Amino acid sequence: MVTGVQTCALPISIGSSLEYGQGGVENMVKLSEFYKNKRVLITGHTGFKGSWLTFWLHEMGAEICGYALEAPKGSLYDLIGGDGLCVSRVGDI
């Protein structure tokens with residue numbers, strides 16, 4: 001036994017979705033229901049991760065407002081038509 005070392009255990013739900021045979025599709029439906037018509041603010045929405053988040057939340061029916069630096073030409077944000085998916089505010093803090 002090692003002394004002086006702390007471990008961190010993550011809580012595991014006994015009734016987890018995997019236990020009942022539910023997978024990603026069922027969880028995606030629940031997320032879609034949750035975000036439908038919700039207003040969401042995304043900071044950094046013109047970056048790579050923010051663009052993906054903008055895309056998926058838009059697909060789930062969320063109303064999105066984003067605040068970020070201007071998207072570079074040819075970025076993922078431009079490729080997905082990000083300005084059509086959200087209200088975009090460009091700025092720097």
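Summary of computed values
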quantity: Backbone HN-Hα couplings from phi across segment 55-61 [Karplus 6.51/-1.76/1.60, Hz, Gly and Pro as x]; calculated: 4, 5, 5, 5, 4, 7, x
quantity: Net charge of neighbours whose Cβ lies under 10 Å from the Cβ of T46, counting Lys and Arg as +1 and Asp and Glu as -1; calculated: -3
quantity: Label-point separation, S32 to C65 (7 Å along Cα→Cβ), nm; calculated: 2.7
quantity: Cα-based reach from K38 at 24 Å (exclusive), listing lysines while leaving out same-chain residues under 8 positions away; calculated: K30, K49
quantity: Additional length obtainable on full extension of the chain from R89 to R39, 0.36 nm per residue less Cα span; calculated: 16.5 nm
quantity: Environment charge at G66 (Cβ cut-off 10 Å; Lys +1, Arg +1, Asp -1, Glu -1); calculated: 0
quantity: Residue-count net charge about R89 - beta-carbon cut-off 12 Å; Lys, Arg +1, Asp, Glu -1; calculated: -3
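Read the figures in this text as sums done on the coordinates, not as results from a lab. Computed from a predicted structure; not experimentally measured. Positions of Cβ are generated from backbone atoms using ideal geometry, with glycine treated the same way; all protein chains shown enter the neighbour counts.
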